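First the structure, in the form of structure tokens, and then the observations on it.
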Amino acid sequence: MNADVSTGPSAAARTGPGSPARPGPRGPVEAATAMFLVGTLAAVAGVIGDYPVYGGQALRHLLAAAALLTVARVAGLRFVRLTARETALLATLSLTGLVIFNVCVVEATRHGGPALVGTVLGTVPLALALLGGRPSPRLLGAATLVAAGATVAAGLGSGDLTGLLWSLGALGCEVCFSMLAIPLLPKLGAVRVSAYSVTLAVPMLVAAGLLVDGTAMFRAPTVPEAAGLGYQALIVTTVAFFLWYDALPRLGPGRAGLFAGLIPVGAIVTGAVLGLGAPSAPDLLGAALVVTGIVVGLSSSGSPAGRARRPAGAGRTAAEGSRPTGAG
């Protein structure tokens with residue numbers, strides 16, 4: 001490919017609107033909001049902690065799937081027929097990034113507590129920077145700074161080896177959640193990738209729940225549990241998924257991954273707002289390191305890691321995706 005992508009119509013087609021070569025506020029704002037919302041999960045975890053795990057997650061994803069499919073229909077986004085490779089990618093994304101991720105987080109929390117999980121997930125920016133291409137020293141340093149800040153904010157905890165292994169599993173699934181979506185976004189767009197992956201997760205979670213809990217996987221939720229599950233479905237899953245998948249091709253995995261450091265920051269702020277505890281000095285230091293790392297990373301425009309490799313058709317916006325074959 002021609003190395004000169006700075007001028008001409010073909011450059012716009014390769015980079016696409018809002019891509020790192022044409023910076024704008026939309027990608028950073030969406031990525032920051034998405035990861036902050038994911039961080040708010042900590043505030044509702046206790047509310048739904050007594051509800052059967054698989055049943056609760058199945059209900060959450062079922063509600064989110066209904067919302068996302070409704071949005072796709074209202075927006076006029078018709079169903080897109082996928083190739084066998086694309087179907088396999090989407091199924092793997094749903095299995096790893098949604099189903100197994102939730103299992104890993106629950107098990108890691110049981111063995112090591114949320115601090116251990118937050119510490120390991122704090123390395124997501126570094127992992128995405130390494131996997132997103134050839135990171136510049138500036139971007140790699142920024143990712144390391146964000147990971148350090150997330151670790152300080154989350155705390156080191158006192159987990160055991162089992163908890164650490166489950167946390168590492170969650171880290172791998174979180175990376176899959178982004179990397180497996182990149183080849184799908186140009187064709188499907190953010191809404192359809194979110195809707196299709198969430199929909200596929202429902203039968204997987206139901207099957208797992210029936211194997212583990214049997215018919216006890218479902219029961220009528222209490223009012224607080226229903227509110228917590230509804231928040232997870234509509235705000236975290238529906239809104240945050242769309243925002244993240246819309247931001248990902250605009251920023252590239254390396255730069256977008258920096259915002260994963262906001263997950264523990266979101267938990268700290270939400271806990272303080274809801275009166276669950278005032279932030280400590282390490283919390284504030286970690287938040288400051290995360291913000292500094294994000295600013296440093298976003299200033300490294302034009303770095304190889306900041307440009308996701310985009311297949312043909314990537315010039316279309318991630319929110320819309322390509323039109324179905326034969327759509328006219």
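For the stretch 32-304, the square roots of the Cα gyration tensor eigenvalues, ordered a ≥ b ≥ c, give a/c of at least 1.5 with a/b no greater than b/c, which places it in the oblate category. Rounded, prolate or oblate, given the Cα gyration tensor of the stretch 153-228, with a/c below 1.5 counting as rounded? Oblate, because a/c is 1.5 or more while a/b does not exceed b/c.
Which of the three applies to the stretch 185-284, rounded, prolate or oblate, going by the alpha-carbon gyration tensor with a ≥ b ≥ c and a/c under 1.5 meaning rounded? Oblate, because a/c is 1.5 or more while a/b does not exceed b/c.
Rule-based calculations on the coordinates, nothing more; no lab input. Fair warning: this is a prediction, and the values are worked out from it, not measured in the lab.
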